Amino acid sequence: MKSILLHIEGDSCMEARKQAALDIARTCDAHITCLQAVSYEVFAPGDFYGSALAAAMPRIKEAAEELRGEIEKDLENEGVSFEWRFMYGMADTRLLEQSALHDVILVGPNDVGEEGRAPSAMVGELVLKAPAPVFVIPKDTKRLDLSQPALVAWNGSSEACVALRAAVPLLKHASKVYLATVSEDSERERFDFPPTEGAKYLSRHGIASEIIEIPRGEAQISDTLFSAAQVRECGFMVMGAYGHSRLAEMLFGGVTRRSLSDPQMPILLAH
């Protein structure tokens with residue numbers, strides 16, 4: 001991965017995803033594109049809300065410039081290649097536009113002001129529409145060591161296959177790769193790709209993997225996967241996301257939705 005698209009926003013996860021971007025850039029000799037989007041709409045004269053927004057915009061822009069100054073100062077001392085793109089508009093729209101020539105998008109798990117309440121609608125939009133995989137970085141992430149083991153959540157779906165392919169450039173650096181299935185007969189009947197096919201695909205890229213089957217148990221599948229990854233000291237998880245709605249809350253993949261509500265580690269998502 002040589003081109004990283006980093007979402008810039010003054011939320012609680014900014015420091016974590018900045019550090020993750022730096023870790024990927026150093027490991028992969030990659031370039032970071034910092035994208036900062038500020039929503040700005042022109043309202044008709046006399047519109048109260050338009051006037052209020054117009055009055056607030058100078059402070060909004062000032063805060064954006066302060067954030068840019070802080071982050072640029074940090075990046076200049078890190079010895080990585082980066083650039084800054086400031087744009088007006090909704091962040092999901094601008095990230096989607098810019099993703100066409102990037103290898104991965106780094107975002108936080110929640111929309112601004114919605115921390116811990118629900119999966120990010122922006123993440124859902126990007127995962128379903130962007131041509132690049134989306135790396136969701138929770139705020140507790142101190143560093144993203146790509147040499148740590150990695151766990152691929154495998155249910156045999158085409159979405160899992162897409163996520164596996166997208167993750168190959170990162171999995172090449174992992175000391176161990178686990179293809180993890182949560183045993184459910186209904187899932188095996190529904191999908192066409194057994195984990196052995198995923199392992200064969202990885203082997204063609206020179207990546208050895210271990211297939212593990214985890215009992216369903218009483219816990220949510222998302223919690224079971226996170227626990228399996230944590231026990232094996234994995235640095236990140238790879239997961240296919242499946243859905244058809246523009247809102248993350250309406251993704252019909254319940255495991256994806258629950259995993260994003262409270263991610264226990266960085267998750268690479270692709271659709």
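Of note:
- Counting only strands (runs of 3 or more DSSP E) that sit completely within the range 1-97, those holding 1 or more residues that are open to solvent by 40 Å² or more (accessible area, probe 1.4 Å) and either over 25 Å from Val123 (Cα atoms) or modelled with pLDDT under 90 (or both) correspond to 81-88.
- Taking the conditions (1) open to solvent by 40 Å² or more (accessible area, probe 1.4 Å); (2) in contact with a strand residue (DSSP E or B) (Cβ under 7 Å, 6 or more places away or on another chain) in turn, Ser227 satisfies each one other than (2).
- For the range 145-195, residues that are open to solvent by 50 Å² or more (accessible area, probe 1.4 Å), among the polar types (S, T, N, Q) and at pLDDT below 95 total 2.
- The set of residues from the range 112-144 being at pLDDT 90 or above and surrounded by fewer than 16 Cβ atoms within 10 Å (Cβ to Cβ) comprises Lys129, Pro131, Asp140, Lys142, Arg143.
- Remark: Leu106 matches the filter, which requires a residue to be outside any helix (DSSP H, G or I), modelled with pLDDT of 95 or more and within 22 Å of Leu170 (Cβ to Cβ).
- Against the conditions (1) in a loop (DSSP other than H, G, I, E, B); (2) surrounded by fewer than 16 Cβ atoms within 10 Å (Cβ to Cβ), Cys234 satisfies every one except (2).
For every residue, the table says whether it meets (1) part of a helix (DSSP H, G or I); (2) under 27 Å from Glu97 (Cα atoms); (3) more than 13 Å from the chain's Cα centre (by Cα); (4) of a type in the set (Asp, Glu).
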| site | (1), (2), (3), (4) |
| --- | --- |
| Lys139 | no, yes, no, no |
| Lys142 | no, no, yes, no |
| Gly156 | no, no, yes, no |
| Ala160 | yes, yes, yes, no |
| Pro169 | yes, yes, yes, no |
| His173 | no, no, yes, no |
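- Meets criteria (among the aromatic types (Phe, Trp, Tyr), surrounded by 15 or more Cβ atoms within 10 Å (Cβ to Cβ) and in a helix (DSSP H, G or I)) for Tyr201: yes
The values are calculated or read from the model by the stated rules, or taken from the named source; none is laboratory data. Everything numeric in this text was worked out from a predicted model, so none of it was measured. A quick note on method: Cβ atoms are made from the backbone with ideal geometry, for glycine too, and the neighbour counts reach across all protein chains shown. With ligands, DNA and RNA removed, areas are computed over all heavy atoms of the protein, side chains included. Shrake-Rupley method; radii C 1.70, N 1.55, O 1.52, S 1.80 Å.
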